[in-house]
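The values are calculated or read from the model by the stated rules, or taken from the named source; none is laboratory data. Predicted model only: the values in this text are computed from it and were never measured. Methodologically, a virtual Cβ is constructed for each residue, glycine included, from the backbone with ideal geometry; neighbour enumeration extends over all protein chains shown.
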Amino acid sequence: MFDIGYFGRGLTGLVAAAIELYFWVVCARAVVSWLSPDPRNPIVQFLSGVTDPVLDRLRSVLPRFLWSTGLDFTPLVLLLLLRVVLLGLRSVRFG
């Protein structure tokens, strides 16, 4: 017999783990951006390729002063949004 509770908890756990992993990828991207690494480095290319689409979309929605002052606050905003989503996801209860 199919139990929606086990399935739901497993699915939310999997999604939460993916969001948690992405959280740490964004953290790594922010730290790497402070170091001015070689843009041809495969790790830098991976981090940029995974995070730039989301950060660019967020930059188009956020007020311009949050990223046009020389300090880019969009990774911080993204990290906060990911934490809010994780809190909401972990509060979901299944039967």
Checklist line | Residue in segment 34-45 that is at pLDDT 90 or above, assigned to a helix (DSSP H, G or I) and under 30 Å from Arg93 (Cα atoms) present | finding: no
Margin query: So, in segment 57-93, exactly how many residues are under 25 Å from Trp34 (Cα atoms) and of a type in the set (Gly, Ala, Ser)?
Written below: 3
Check: Among the residues of segment 34-86, which ones are touching a helix residue (DSSP H, G or I) at 6+ places or on another chain (Cβ under 8 Å) and small (Gly, Ala, Ser)?
Finding: Ser48
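Of all the residues that make up segment 63-86, how many are touching a residue at least 60 places away in the same chain (Cβ under 8 Å) and basic (Lys, Arg)? Don't jump to the end; show me each part of the working.
Step one: list which residues in segment 63-86 are touching a residue at least 60 places away in the same chain (Cβ under 8 Å), which gives 82-83, 85-86.
Okay, now just the ones that are also basic (Lys, Arg), so 83.
Looking only at that region, the number is 1.
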Margin query: For the structure I just gave you, tell me whether Phe94 is modelled with pLDDT of 95 or more and surrounded by 11 or more Cβ atoms within 10 Å (Cβ to Cβ).
Written below: no
Next item on the list: Go through Leu21, Leu35, Leu11 for me and flag whichever is under 18 Å from Leu80 (Cα atoms) and surrounded by fewer than 16 Cβ atoms within 10 Å (Cβ to Cβ).
Entry: Leu21
